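Have a look at the structure below, then the notes.
The values are calculated or read from the model by the stated rules, or taken from the named source; none is laboratory data. Given the structure is predicted, the values throughout are model-derived calculations rather than measurements. Quick reminder, even Gly has a Cβ in these numbers, built from the backbone with ideal geometry, and neighbours come from all protein chains shown. Side chains included, ligands, DNA and RNA excluded: accessible areas come from the protein's heavy atoms. Shrake-Rupley method; radii C 1.70, N 1.55, O 1.52, S 1.80 Å.
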Amino acid sequence: MNRRQFIQAAALSGTAGLAGCIGGSSDSNSSGSSGTTTLEYWEYFHSQSEVAKTLMESSVEEFQSETDTQMQMNWASWNDINGGKWKNNIQNGNRPVIYDSTNSLDGQFIEPGWVKPVSEYKDRLDDEAVEQLEWAFEMTQSCYRGFDEGLYEIPIGLEVGAPFIARTDHFEEAGLSIEDDFPPENYEHLVQVATQLQEQGPADYGFQIYGAQGDVTDEALVTWTASEGGYDGMYLNEDWSDVNYDNDVWKEMTKKYVDLYQEHGLSSDKAPTASNEGAAQMLIQGNVSMVQGSTKDFGLLRSRAEDMLADGTIVFGPSWEGAAGNRGDFFTQCIALMRKPDGVDEDTWQQREDAAIEWINTVLSKEFQQEVPRSLATLPARKDVWPTLKEDELLSQSNFISTLETTVDGMEHGWSSHPGMNAIQYNIAGPLFQEAVRGEISAEEACDRAATEIRNQVTF
Amino acid sequence: MASQTSHALLRRTERYRDVLSENWFAYLLVLPVLLFLVLLMWVPFLQGIYMSLHNWPFGGDPSWVGLGNYEYLFGWQPFVTSLRATLIFALTTLFQLGVALAAALAVREIRRGKSLVTGSFLLSYTLPPLVTGTIWAYMLEPDLGPIFGYLTQWELLEETIYWGSHGDSALAVILFVTTWTFWPFMFLIISASLESIPEEMYETARMYGANRVQTFLRVTLPQLKSAILIALSIRIIWNMTKISQVLQLTNGGPGYETSILAVLLYRFSYEQGQMGISYAVGVVLLTMTIGFVFVFIREFERASGGDAA
């Protein structure tokens, strides 16, 4: 290519590119002239595991083929929601009609009034589904207690407490009975069982705790505090006017949690940096005999050790019931509509909302809800599908669904959808609680410093 | 006295006018870039300094707090830990220089296959840092990674090392990975400069009986001075803003012990939406970076007696 040809080619492609940039600005949410509605959907569920990804992708594809709706997908991740991308986009006028997420991340969208309260479109949802969801609607209101409306997002699945997960073969080898000794009935029982597993079982460690900044405060520990203290054991107090980390419940439970590693030596030295998923992997490999992880570990286990779930080698069990009369906290995998932004025609938005409602009814349908525990690894919000799930070999052999059912019974404390939850749960508390797990500071100091820092940095 | 001053001013103005009229076309060509820099860099930069004096929640209205953000930062224990981590992390630039200099000198001696060796040296730099970070995060994973797997299998280690649980070892791993990833940039610049040193200079040194060390100190190093200055200054500035590998390998932990200032800035801005305080962190980071570059250039000038290469 000579110089002239190069300049011509560069000019041509530059002009074409510029034209693309300038010209391609048609409304991405527009309704097509051919009767097809284009629906912008920001989707998060798929990012949780391979099986979740398969479910969401196939469901979206099926929906598109069965309706006149063209889904314009933004396959998003945790960091997109938490790292300001969504908020930045919405602020700059790029807003989806519908999104799905985890409720604790969404206060940043609810507070500015971008999310449409469920009460404004509940009557457009499928009646039968709503009837089966009423219990979840009522329970989920605890997540939005700092806002004016009761409910802003529709729960699809509930992550309830942190279940115990154990290796039955290790219990047998250690001379323990999986029926009688699992799950532990209280902290003392946990220490006793884990010690016997470690001393007489095949694994190096009896019970793995995790101190990674993103997990240390949001799984087993908060399950213990919530079951012991009710609202006192949640991150924020009941009216969201203060943080709870420095109360007695948090201090006592944090000390007990740290002691499992520091005092009793029941976890490996990976504890300060171990994640909940890493602990589950250690369970698969047989390095530990028991963990208290997340319901979402079911998705990970299904991807990596399905045979161990199917033959009952790995089983789930509910956390113990504490003094507050429950087995821990919960949060939701939820879906919601956004309010119409300025500059969009009322009828056009209504048309898109109709399509979005149709999609919500799809994810609330029995067929989709039956897939929720298998693929999204949470308890389906729709109660009438629970009995049918017991027929599933994987769910029943692993005690997964019965564990979730037991755990949710009596549960009432949901993670707050406060706009500052990322700082409250992770950014500020995470490093300090990790320091406690390392033994660099005491559990009490971690709690006190976390509370002080949060009061300094977060507006209540 | 006053007339002398005004006369000098007049002469200077005339001189500027002459230069401008002689080189108007050159200035015209520079103007768009200058405007671009002013509008897209200097204005936001100055605005950043101004915003660091505000409490500014992301998406909300800023309110004036004066030096409040700086006062908070310097009284906040994790910020001190972060400053320490940043100072240690800055050492990666020196490690990169050491490796690059050694590699460039070694490659210069190679007679056959030079291109192949140079190409393989550049491999780590051609991959996105996110990719190399992922590779190393896996390689160095204490339980699943091959490195500790082989070390324990071959009984070179009694048991695996959970390096992420200790601040010093976590920092050491980050220093190692960033050095491994970015040293080829310095290698490229130094190699290019090395090739341009006339062979006659080495012949002369040999004639005068200089040994290898003397030749390096008296011939090679002075000739590489400009290249090293440029490479080091650029890399100091770039290294201080690298966060992807730190987040991948340690997520800033344990505690805050590997939360270098760039990580802190990222957290305050993107994850907590506290733009005012994140700008304040940015200003401190900038001051440190400029400080490093300035100190380095001054020391280098002093050590080499102010000779320009």
Self-check item: Gain on full stretching of the segment that runs from B:Thr287 to B:Leu123 - 0.36 nm per residue minus C-alpha separation
Solution: 55.8 nm
Quiz item: Which value results for Rg/Rh of the range A:80-238 when Rg is the Cα radius of gyration and Rh the Kirkwood radius based on the inverse mean 1/r?
Solution: 1.09
Exercise. Take the alpha-carbon positions of the range B:93-248, form their convex hull, and give its projected area averaged over all directions (one quarter of the hull surface) in nm².
Key: 11.6 nm²
Quiz prompt | Average Cα contact separation per residue, the range A:132-288, under 8 Å, 6 or more apart, as relative contact order % | solution = 24 percent
Quiz item: Farthest toward the dipole's positive end in the protein assembly as shown, which of A:Gln425, A:Tyr44, B:Ile190, given Cβ charges of +1 (Lys, Arg) and -1 (Asp, Glu) about the Cα centre?
Solution: B:Ile190
Quiz item: Relative to the Cα centre, what is the charge dipole magnitude of the range A:156-300, using +1 at the beta carbon of each Lys and Arg, -1 at the beta carbon of each Asp and Glu, and rounding to the nearest 20 debye?
Solution: 400 debye
Quiz item: Per 10 Å bin, what percent of the C-alpha pairs of the range A:205-260 does each bin hold, from zero upward?
Solution: 24, 54, 19, 3, 0
Quiz prompt | Label point distance in nm, A:Asp354-B:Ile197, each placed 7 Å from Cα along Cα→Cβ | solution = 7.8 nm
Quiz item: Over the range A:336-446, what is the mean sequence separation of C-alpha contacts under 8 Å (at least six apart), divided by residue count, expressed as relative contact order in percent?
Solution: 11 percent
Quiz item: Along the charge dipole of the protein assembly as shown, Cβ charges K/R +1 and D/E -1, which of A:Ala279, B:Met288, A:Val130 sits furthest on the positive end?
Solution: B:Met288
Quiz item: Along the range B:159-170, what does the Karplus equation 6.51 cos²θ - 1.76 cosθ + 1.60 (θ = phi - 60°) give for ³J(HN,Hα), rounded to whole Hz, x for Gly and Pro?
Solution: 8, 5, 10, 8, 5, x, 7, 10, x, 5, 5, 5
Self-check item: In nm, spacing of pseudo-spin labels at A:Ser177 and A:Glu445 (7 Å Cα→C-beta vector)
Solution: 4.5 nm
Self-check item: Phi-based couplings in Hz for the range B:95-101 (Karplus 6.51, -1.76, 1.60; Gly and Pro marked x)
Solution: 4, 4, 5, x, 5, 5, 5
Quiz prompt | Student exercise, chain A dipole from Lys, Arg, Asp, Glu Cβ charges, in Debye to nearest 20 | solution = 2000 debye
Practice problem: Calculate, in whole percent, how much of the Cα-Cα pair population of the range B:244-295 lies beyond 16 Å. | Solution: 46 percent
Quiz item: Tell me, what ³J(HN,Hα) does each residue in the range A:189-197 have, in order and in whole Hz, if you take phi through Karplus 6.51 cos²θ - 1.76 cosθ + 1.60 with θ = phi - 60° and put x for Gly and Pro?
Solution: 5, 4, 4, 5, 5, 5, 5, 5, 4
Practice problem: Could you check the simple spin-label distance between B:Asn211 and A:Asn89, using points 7 Å along Cα→Cβ, in nm with one decimal? | Solution: 6.5 nm
Exercise. Provide the convex hull volume over Cα atoms per residue for the range A:274-353, in Å³.
Key: 204 Å³
Quiz item: When the helices in chain A are scored as -39500 (n - 2.57) per DSSP H run of 4 or longer and the sum is shared across all residues, what 222 nm value do you end up with, to the nearest 500 deg cm²/dmol?
Solution: -13000 deg cm²/dmol
Exercise. Taking amide H positions as placed in the peptide plane 1.01 Å from N, state which residues far from B:His54 in sequence (5 or more) or on other chains have amide H under 5 Å from it.
Key: B:Val65
Practice problem: Please tell me the relative contact order of chain A in percent, rounded to the nearest whole number, where contacts are Cα pairs under 8 Å and at least six residues apart. | Solution: 25 percent
Quiz item: Using alpha carbons only, what's the Rg to Rh ratio of chain A with Rh from Kirkwood?
Solution: 1.02
Quiz item: Sorted by accessible area with a 1.4 angstrom probe, largest first, how do B:Glu301, B:Glu195, A:Glu353 fall?
Solution: B:Glu195, B:Glu301, A:Glu353
Quiz item: Per the Kirkwood definition applied to all pairs of different Cα atoms, how many angstroms is the hydrodynamic radius of chain B?
Solution: 23.3 Å
Exercise. Give the Rg/Rh ratio for the range A:223-359, taking Rg as the radius of gyration of the Cα atoms and Rh as the Kirkwood radius, to two decimals.
Key: 1.13
Quiz prompt | Nearest-0.05 FRET efficiency for A:Ser241 and A:Glu120, computed from C-beta distance (R0 41 Å) | solution = 0.90
Practice problem: Go through A:Met73, B:Tyr125, A:Trp415 and say which Cα lies farthest out towards the positive end of the charge dipole of the protein assembly as shown; charges sit on Cβ, +1 for Lys and Arg, -1 for Asp and Glu. | Solution: B:Tyr125
Practice problem: Pairs to check: A:Lys53/A:Lys122; A:Lys87/A:Lys116; A:Lys85/A:Lys122. Give those whose C-alpha atoms are more than 24 Å from each other in this structure. | Solution: A:Lys53/A:Lys122; A:Lys85/A:Lys122
Quiz item: Got a sec? Which residues of the range B:225-255 lose 40 Å² or more of accessible surface with every protein chain in place, vs. that chain alone, 1.4 Å probe?
Solution: B:Gly255
Self-check item: Sequence-distant residues sharing a close amide H with A:Leu337 (under 5 Å, placed H)
Solution: A:Lys116
Quiz item: Taking N as the number of residues in the protein assembly as shown, what is its alpha-carbon radius of gyration divided by 2.2 N^0.38 Å?
Solution: 1.12
Practice problem: Determine the dipole magnitude for the protein assembly as shown: charges of +1 sit on the beta-carbon of Lys and Arg, -1 on that of Asp and Glu, nothing else is charged, the reference point is the Cα centre, and the result goes in debye to the nearest 20. | Solution: 6000 debye
Exercise. Give, in nm to one decimal, the length gained when the segment between A:Gln200 and A:Thr452 is fully stretched (0.36 nm per residue of separation minus the Cα-Cα distance).
Key: 86.4 nm
Practice problem: Quickly estimate the mean residue ellipticity at 222 nm for chain B, helices only: each DSSP H run with n ≥ 4 gives -39500 (n - 2.57), and the total goes over all residues, rounded to 500. | Solution: -22500 deg cm²/dmol
Self-check item: Per-pair calculated FRET efficiency, R0 = 45 Å: B:Val33 and B:Ala106 via Cβ, rounded to 0.05
Solution: 0.70
Self-check item: Rh (Kirkwood; distinct C-alpha pairs) - the range A:392-440, Å
Solution: 14.1 Å
Practice problem: Amide H neighbours of A:Thr69 under 5 Å, at least 5 residues apart or on other chains, H built in the peptide plane: list them. | Solution: A:Thr37
Exercise. Could you work out how far the C-alpha centroid of the range B:144-198 sits from that of the range B:219-294, in angstrom?
Key: 19 Å
Quiz item: What FRET efficiency would be calculated for the residue pair A:Lys53, A:Asp345, taking the C-beta separation as r and a Förster radius of 51 Å, to the nearest 0.05?
Solution: 0.90
Self-check item: Rg [Å, one decimal], Dmax [Å, integer] - the range A:320-460, C-alpha atoms
Solution: 20.8, 60
Practice problem: From the P(r) of the range B:97-161, can you give the percent of Cα pairs sitting at distances over 19 Å? | Solution: 55 percent
Quiz item: Could you give the Stokes-Einstein D for the range B:1-118 in µm² per second, using the C-alpha Kirkwood radius, 10 °C, 1.306 mPa s?
Solution: 74 µm²/s
